[in-house]
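All remarks here apply to the structure that follows.
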Amino acid sequence: IEGAEHEYRFEVRRLVPGAEKPETVFEKTEDLAQQLAQCPNTTIDQLITAEMNAIKNAVNAEEDIHAHDP
């Protein structure tokens, strides 16, 4: 993709016991170029780590909700 130098695809998959293939529970494509431009002292590694932590929290919160469904 032209001009997508800092575009990243994040995907979280899980394997349910007994399933043959993992299922995708979260996916997102994020262009971090604008954030890099706004925060010149922040590295791409820091932005990716922050994005991964936010995704982890969102997925864990969603899993907690479903774990407590009646």
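The values are calculated or read from the model by the stated rules, or taken from the named source; none is laboratory data. None of the values given here were measured: they were computed from a predicted structure. Here Cβ is always computed from backbone atoms with ideal geometry, including for glycine, and neighbour counts include all displayed protein chains.
Residue pairs, Cβ under 9 Å, 6 or more apart or interchain, first in the stretch 19-37 and assigned to a helix (DSSP H, G or I), second among the hydroxyl-bearing types (S, T, Y). List them.
Close Cβ pairs (under 9 Å, with a partner that is among the hydroxyl-bearing types (S, T, Y)) amount to Q35/T42; L36/T42; L36/T43.
Looking for whichever is modelled with pLDDT of 95 or more and either surrounded by 10 or more Cβ atoms within 10 Å (Cβ to Cβ) or outside any strand (DSSP E or B) (or both) here; the options are N53, N57. Which one fits?
Criteria check complete, one pass: N53.
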